[in-house]
1. Any idea which of LYS19, LYS52, LYS46 is more than 23 Å from the chain's Cα centre (by Cα) and not aromatic (Phe, Trp, Tyr)?
2. Hey, can you tell me all the residues within segment 46-68 that are in contact (Cβ under 8 Å) with a residue 24 or more places away in the chain and closer than 16 Å to LEU94 by Cβ?
3. Give segment 86-122 a look and list any residue that's within 15 Å of ILE66 (Cα to Cα) and either exposed (fewer than 15 other Cβ atoms within 10 Å of the Cβ) or in contact (Cβ under 8 Å) with a residue 60 or more places away in the chain (or both), or say none.
4. Suppose we filter LYS46, LYS41 for residues that are surrounded by fewer than 12 Cβ atoms within 10 Å (Cβ to Cβ) and of a type in the set (D, E, K, R); which single one remains?
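Please treat every number below as a calculation from the coordinates, not as lab data. Everything numeric in this text was worked out from a predicted model, so none of it was measured. Cβ sites come from the backbone with ideal geometry, for glycine too, and all protein chains shown count toward neighbours.
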Amino acid sequence: MDYLIYNPKISETFETVRKFSFEEKKEALFDEAKVNKFLDKILEFKQVFSIKTEKINALVENIERITWINNLDNNSLILINDLISAIRDLRSSLLRQYVSLNFIRAKGFAKVEIKNFKNAIDDLKEVANDLE
């Protein structure tokens with residue numbers, strides 16, 4: 001007699017499984033459009049960090065040129081002191097961004113771009129020390 005109580009629940013569950021199975025058969029496991037969109041986002045992410053790295057490297061070059069200047073007056077020395085503080089503040093912000101990428105680095109995405117980004121941050125620290 002208990003089977004009469006359970007039959008509706010079993011039938012309902014069967015219908016749910018059947019509908020879900022049918023929907024899954026209709027949908028491809030790797031929908032090409034979705035995969036392409038995902039890959040586009042990865043490329044976009046890589047480009048963002050490539051551009052940041054280029055900007056940092058350009059700054060490093062400009063700062064290196066300043067390190068070659070001799071016979072500076074007090075006003076110039078004050079400006080350089082302010083520049084060193086600004087460089088260190090920028091580096092701190094960039095380092096926080098780098099640390100936030102730990103999850104992405106662990107997954108192996110954009111390895112080269114993230115490594116270049118970190119190297120540029122390290123160069124920024126070195127040039128700030130040279131300027132000092």
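1. Within the list LYS19, LYS52, LYS46, the selection yields LYS19.
2. The answer is PHE49, SER50, LYS52, THR53, ILE56, ASN57, LEU59, VAL60, ILE63.
3. Selection gives ALA86 alone.
4. After applying the criteria, what remains is LYS41.
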